[in-house]
Amino acid sequence: MMLACLGFISGCSQLLIRQTCVALSPSINYCLAPLPLEQRPLPSNKEKTKSLKEQPIKSDLDPNTSLSTTNKILLTIGQEQHELLTQIEVQANKITLVGLAPLGQALFTLVYDGEQLISEQSPFLGEQFKPEYLMAIMQLIYWPKKLINSHLSSGVLVSKPCNKVHCRYLLTDAASGTETDEIIVIHYSDLELWQAHIDLSIPAGNFKLNITPL
């Protein structure tokens, strides 16, 4: 599975309506979830000083406020690496994801309103750039697991003990009684998911995604 093939680009962008259901593996399908309905405020600086054991895992947002974060993303696909900057803005009625090349050139803008995914992207990105996969990956990372699981087919997103602060795993559905496979592995450096350094890997696809908050 290839999410993107990125480089230094310029040129006119094109506006496209994208599909909202994607195949995360030969057996697992995921349709983009709506924006979270059960939301709560992000912690204050005082609350952030609590020990990790006292902090709940927080991936929800206050519906009356917006969140804007800037990250550096490193994509590793096989032996190739691609770096870009992203800005994610989450509001009560939409999520916007903007991608920039390291030198500041605009790569893409994705807008998802809970029903429709629209991408504005440079034609130089080509057909290999699949924004629906990128939005799906971001939801797997940040959205509440309960909401994700209600939109998965033949898969389940779970948290399990690991050697990191927090970990999520996308597993094949165990309903058949067979042993589950780890399709996607996500490691977090912080229980505040929106502020964590994140390492995501898709072992079968030789794919890694590293997110560093800026």
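The values are calculated or read from the model by the stated rules, or taken from the named source; none is laboratory data. These figures come from a predicted structure and were not determined experimentally. For accessibility, only protein heavy atoms count, side chains too; no ligands or nucleic acids. Shrake-Rupley method; radii C 1.70, N 1.55, O 1.52, S 1.80 Å.
A few points about this structure:
- Our coupling estimate for region 25-30, obtained by passing each phi through the Karplus curve with A = 6.51, B = -1.76, C = 1.60 and θ = phi - 60°, is 7, x, 10, 10, 10, 9 Hz, Gly and Pro reported as x.
- Computed log₁₀ I(q)/I(0) - Debye formula, equal Cα scatterers, no solvent, region 84-153, q 0.13, 0.19, 0.25 Å⁻¹: -0.40, -0.81, -1.24
- Counting only heavy atoms of the protein chains and using a 1.4 Å probe, K164 has close to 100 Å² of accessible surface.
- Fraction of accessible area attributable to carbon and sulfur, region 69-206 (%, probe 1.4 Å): 49
- The alpha-carbon atoms of region 92-214 define a convex hull whose volume equals 146 cubic angstrom per residue.
- Taking θ as phi - 60° and the Karplus parameters 6.51, -1.76 and 1.60, the scalar couplings of region 199-210 work out to 10, 10, 9, 10, x, 5, x, 6, 10, 9, 10, 10 Hz in sequence order, x denoting glycine and proline.
- Close amide H partners of H197, meaning residues 5 or more places away or on another chain with modelled amide H under 5 Å apart, are S189, D190.
- Derived scalar couplings ³J(HN,Hα) [region 130-135; Karplus, 6.51 cos²θ - 1.76 cosθ + 1.60; whole Hz; x for Gly, Pro]: 10, x, 5, 5, 5, 5
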